[in-house]
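Scroll down for the structure; my scribbles are underneath it.
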């Protein structure tokens with residue numbers, strides 16, 4: 001399952017299912033508590049239309065990292081370019097970062113002081 005998710009992010013597969021996410025039991029780890037709020041969250045979003053961008057932008061302005069599936073936008077080049085421009089502007093506004101993954105199927109958008117390294121870890125070149 002985890003391999004399937006990473007293959008999808010890195011562009012190795014194009015299959016999509018409702019079972020893309022797997023809950024892992026973290027309660028057994030020390031110091032993990034559902035009662036303690038995090039200072040930052042990693043959120044998952046899908047943008048299928050220009051009207052979906054405000055919620056993604058709000059999350060980044062609130063200090064969260066957002067992994068955005070933009071694969072559905074590929075069919076409409078004008079909307080695709082407008083959405084990417086909006087997301088780039090948000091990254092610039094908050095002094096964050098934006099990077100495309102998986103042959104531009106996913107975009108990672110980060111808030112202030114969080115940068116995405118362009119160096120790949122493992123898996124060969």
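Within the range 33-55, the set of residues being assigned to a helix (DSSP H, G or I) and either within 11 Å of residue 110 (Cα to Cα) or touching a helix residue (DSSP H, G or I) at 6+ places or on another chain (Cβ under 7 Å) (or both) comprises 50, 53. Residues in the range 88-105 that are at pLDDT 95 or above and in contact with a helix residue (DSSP H, G or I) (Cβ under 7 Å, 6 or more places away or on another chain): 90, 94, 96, 97, 98.
Highlighted here are the strands (runs of 3 or more DSSP E) found entirely within the range 60-125 that include at least 2 residues which are touching a strand residue (DSSP E or B) at 6+ places or on another chain (Cβ under 7 Å) and under 15 Å from residue 48 (Cα atoms): 65-69, 106-110.
For the range 116-125, check the following and say yes or no: at least one residue is under 16 Å from the mean Cα position of the chain (by Cα) and either surrounded by 10 or more Cβ atoms within 10 Å (Cβ to Cβ) or at pLDDT 95 or above (or both). Checked the range 116-125: at least one residue is under 16 Å from the mean Cα position of the chain (by Cα) and either surrounded by 10 or more Cβ atoms within 10 Å (Cβ to Cβ) or at pLDDT 95 or above (or both).
The values are calculated or read from the model by the stated rules, or taken from the named source; none is laboratory data. Keep in mind that this is a model prediction, so the values were computed, not measured. Neighbour counts run over all protein chains shown; Cβ positions are idealised from the backbone, glycine included.
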